[in-house]
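Written out below as structure tokens is the structure these notes cover.
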Amino acid sequence: MWHHRWMTVALSVLLAYAVNLPAAQGEPLSVPGISPPLNYQIECRYEPTTQTIDGQVDITWKYGGTQPLSQIALHLYPNAFQPGSTFFNESSGQHRGVQGDVNKPGKMELTQITYISGTNSRDMTASLRFIQPDDKNPYDRTLATVDLPRPLRPGEVLHMKLIYQTLLPDVFARSGVADPFVMAGQWYPKLAAYERQWQRGREQEGFNLHQFHANSEFYADFANYDVKLTLPKTYVVGATGCEADPPVVEGEHKRLHFVQSWVHDFAWAADPRFVLQTCTIEPKDTAPVEIRLFSQPEHLPLAERQLKAVAGALEQLCTSYGPYPYRTLTVIDPPADAPGAGGMEYPTLITGGTPNFPGERSSDPERVLVHETAHQYWYGLVATNEFEEPWLDEGLTTYSEGKILAKLYPDTRVPFKFLGIPLFSTPLRDDAPGDYRTVLGSTVLDPINLPAWEFASERSYAASVYYRTALSLYTLERTVGEEKMQDILSAYFKRWAFRHPGTRDFLQVVQEKAGESTMDHFREWISLPASMDFAVGDVRPIETPTGPAWQVRLERRGELTAPVEVIVIDSSGQSHVFHCEGTDRYTELIVPGDSPVMTVQVDPHERHLLDTNRLNNLWTQEKSIWPALRWTLFVAAAYQAILSAGI
């Protein structure tokens, strides 16, 4: 959090909250020793026959603001699955290729909201108001405010009780039922995140208020969770955190008790068919972590690969960026008829996606598990605002995924598939950052750093937030070196874990570690809706006052700038190296002497992975087939990726 200005009235409250958080880079990361200001106690019951969760949420919150607060804000995410919601309007009822069933919508109803003060209580239900700050859609009920009986003073503790019922849809957009499997994500009413003045550049303190959008994910304050879940006793349950007590069986039902401190969400999944597989890792400078895989029986032959992928990814993250501070990481393996539940992250819990026909040398099912494990750092611990700055999570996660896959699986290959069945491995590498470059094009609709709901389309969102961000980070890495890049991300992680940073906080770390000029370039890459394209222009002999020479023109055909290297080789075999600022539209390079130029190579070390057209980076007197062949292989890889993604 940059340069905060605290008002005197709240100074002691804010320091009490902040001083014990792990801010210094040299300190080992652990769950903070103090309790967060927010606590959830949830008691709920899941009924499979009606796909409903009936529950009670007790919320206590120590208010950290500086001004009296007259109302609070709540997220009611399941109402996104109602026809007419902003989510449905933006997505046309589709998410990641899965069509939602409008005849089986999900929803959440708050039946009672009680304000508790000592032995007194007051019903606040009538003051519930749905708001739509992003699009004014009157049919959207994913965000609401509740008026308090009296203003909450700085440092005062709010205690309220909410009675609710959630109707889960058939599995869609991360949550729902594919009987008997159930994925409960965003299944309870959540207090909106409260941001202090100047946090992420915010000019006034207040709740971060956004509806549930087709492209957006989630943002919440860290809290302690104490969750008691009752459901049929045949169900096997994987959840955020750890079981606090043994299950209590009551007739045909059982009650499970889970707890976890310092997380910003709680999710669970259940299925009578789940088979639990576990392994324990002990990364350096980190307490042992138990990885708990809840697998479908038909996927058990892949369980060892899945556990190995998650364990390897978590060890790499610990080594590269810092310790994982929790005791468990739960992995949910959805059944084949629940694809909408796959590939999602929650604190200490991820969901995978098991292919029906995994190739021996392909990166499935490992890729999605590595990606979701990396989310535990950038989404789970650093916890950036996925509404307003999604690139800080998805982009850093996609970059981390590529680095981990290259380390653990250096020789994966694109399989040749027939009717979805891999027949053999092709010579094409299935790796990053090469396959990320398939999204690049000369037309860029949106900048990388943009609120999730403002992107032109779901495809533009994915291309920018995931892949163009990852390519920007790879370009940064190849500019400053791998060791310094790791230093940047490690410092950012250790400084901002548990603190909800923003774009400027990340840029500040880049500036500290790599210098202002490098930071300026990176800020440009994420801020402009533009492409990068350096090319060799005219190459011709000229006369200069000192004698004959050759002139080589470097052209910047895209709008993005970057320092760029050019190597010119003449007929005598001599190399001439030029380091250009890459800001001018044209740069004339002079090679002294009358030896004809034979080869010109722009960016010979391929540092600029954002460059949309590498074919024009090479010029030769004798034309070679290799650039064309290379381009053909690239197109083939892109085509295979598109087919695999089902686009």
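The values are calculated or read from the model by the stated rules, or taken from the named source; none is laboratory data. The structure presented is a predicted model; accordingly, all values stated were derived computationally and were not measured. Cβ placement follows ideal geometry from the backbone for every residue including glycine, while neighbour counts extend to all protein chains displayed. What goes into the accessible areas is simple: the full protein's heavy atoms, side chains included, and nothing from ligands, DNA or RNA. Shrake-Rupley method; radii C 1.70, N 1.55, O 1.52, S 1.80 Å.
In degrees from 0 to 90, rounded to the nearest 10, what is the angle of the helix 366-375 Cα long axis to the longest principal axis of the chain?
For helix 366-375, the angle is close to 70 degrees.
List the residues whose amide H sits under 5 Å from the amide H of M124, counting only those 5 or more places along or on another chain, with H placed 1.01 Å from N in the peptide plane.
Under 5 Å from the amide H of M124: I113, T114, Y115.
Amide H neighbours of D134 under 5 Å, counting only residues 5+ apart in sequence or on other chains, H built in-plane at 1.01 Å?
Answer set, sorted by chain and number: Q211.
Take the Cβ-Cβ distance between T60 and E290 as r, set R0 to 25 Å, and report the resulting FRET efficiency rounded to the nearest 0.05.
0.30
At 0.36 nm per residue, minus the direct Cα-Cα distance, what do T546 and R150 gain on full extension? Give it in nm, one decimal, please.
On the way: separation 396, 0.36 × 396 = 142.56 nm, distance 8.45 nm.
In short, 134.1 nm is gained.
Got the relative contact order for the chain handy, in percent, Cα pairs under 8 Å and 6 or more residues apart? Could you put the intermediate results ahead of the total?
Details: 1458 pairs, mean separation 69.4, N = 647.
With pairs under 8 Å counted, the relative contact order is 11 percent.
If you count, for each residue, the other Cβ atoms within 10 Å and average over each peptide, how do 96-107, 70-81 line up from highest to lowest?
The densest-packed peptide leads the list: 70-81, 96-107.
With a 10 Å radius around each residue's Cβ, average the other Cβ atoms per peptide and rank 556-564, 387-395, highest first.
Numbers: 556-564: 19.6, 387-395: 24.8.
Highest to lowest by the protection proxy: 387-395, 556-564.
Considering only I526, A462, P149, whose Cα is most displaced toward the positive end of the charge dipole of the chain, charges sitting on Cβ of Lys, Arg (+1) and Asp, Glu (-1)?
P149
Which whole-number percentage describes the relative contact order of segment 534-622, with Cα contacts under 8 Å and a sequence gap of 6 or more?
Contact order relative to length: 33 percent.
Need the full-extension length gain, S571 to D245, defined as separation in residues times 0.36 nm minus the C-alpha distance. One decimal, nm.
So the extension gain works out to 109.6 nm.
If I compute solvent accessible area with a 1.4 Å probe over the protein chains, what percent of it on segment 34-221 is carbon and sulfur?
46
May I ask you to evaluate 6.51 cos²θ - 1.76 cosθ + 1.60, the Karplus curve with θ = phi - 60°, for each residue of segment 451-467 and list the ³J(HN,Hα) values in order in whole Hz, giving x for glycine and proline?
Coupling constants for segment 451-467: x, 4, 7, 8, 5, 5, 6, 4, 5, 5, 4, 5, 4, 7, 6, 8, 8 Hz.
Could you work out the relative contact order of segment 481-574, using alpha carbon pairs under 8 angstrom and six or more residues apart, expressed as a whole percent?
Across segment 481-574, relative contact order equals 21 percent.
Please identify the trypsin sites (Lys or Arg not before Pro) of segment 117-181 that satisfy two criteria: DSSP loop assignment and at most 16 other Cβ atoms within 10 Å. Which are they?
On the way: sites: R122, R129, K136, R141, K161, R174; in loops: K136, R141, R174.
Counting only loop positions with at most 16 other Cβ atoms within 10 Å, the trypsin sites (Lys or Arg not before Pro) in segment 117-181 are K136.
Pairing the Cα long axis of helix 469-480 with the longest principal axis of the chain, what angle in degrees results, from 0 to 90 and rounded to the nearest 10?
So the inclination is approximately 50 degrees.
Could you compute the FRET efficiency for R305 and E458, with r as their C-beta to C-beta distance and R0 at 25 Å, rounded to 0.05?
Efficiency computed from Cβ-Cβ geometry: 0.25.
Tell me, Kirkwood radius of the chain from alpha-carbon pair distances, in Å? It would help to have the intermediate numbers written out before the result.
Numbers: mean 1/r = 0.0377 Å⁻¹.
Taking the inverse mean of 1/r over all distinct Cα pairs, the chain comes out at 26.6 Å.
Could you report the chain's accessible area per residue, 1.4 Å probe, as an integer in Å²?
Per-residue accessible area for the chain comes out at 41 Å².
Need the full-extension length gain, R202 to H257, defined as separation in residues times 0.36 nm minus the C-alpha distance. One decimal, nm.
Length gained between R202 and H257: 16.0 nm.
From the helices alone, meaning DSSP H stretches of at least four residues, give me the mean residue ellipticity at 222 nm for the chain, per-run term -39500 (n - 2.57), in deg cm²/dmol to the nearest 500.
So the helix-based figure for the chain works out to -6500 deg cm²/dmol.
On a 1.4 Å probe surface of the protein chains, which of D123, D411, D226 comes out largest in accessible area, and what is the full order?
D123, D411, D226
Extending each Cα 7 Å along its Cβ direction at S70 and V102, get the distance between those two points in nm, one decimal.
Spacing of the two 7 Å Cα→Cβ label points: 4.0 nm.
In whole Hz, what ³J(HN,Hα) sequence does segment 556-572 give by Karplus (6.51, -1.76, 1.60; θ = phi - 60°), x for Gly and Pro?
Once θ is set to phi - 60°, the couplings for segment 556-572 become 9, 8, x, 8, 6, 10, 5, x, 9, 9, 10, 10, 10, 10, 9, 5, 7 Hz.
Angle check, please: helix 626-645 long axis (alpha carbons) against the longest principal axis of the chain (alpha carbons), in degrees 0 to 90, nearest 10.
Roughly 10 degrees between the two axes.
What residues have an amide H closer than 5 Å to that of G353, excluding those fewer than 5 places away on the same chain, when H is modeled at 1.01 Å from N in the peptide plane?
When sequence neighbours closer than 5 places are left aside, the close amide H contacts are G343.
In whole percent, and with a 1.4 Å probe on the protein chains, what portion of the accessible area of segment 465-551 is carbon and sulfur?
The value for segment 465-551 is 42 percent carbon and sulfur by accessible area.
S121 versus E516, label points 7 Å from Cα toward the beta carbon: distance in nm?
Going from the S121 label point to the E516 one covers 5.9 nm.
Which ³J(HN,Hα) values, rounded to whole Hz and listed in residue order, are derived for segment 47-56 from phi using the Karplus coefficients 6.51, -1.76 and 1.60 in 6.51 cos²θ - 1.76 cosθ + 1.60 with θ = phi - 60°, glycine and proline given as x?
Using θ = phi - 60°, the values come out as 10, x, 5, 10, 6, 10, 10, 9, x, 10 Hz.
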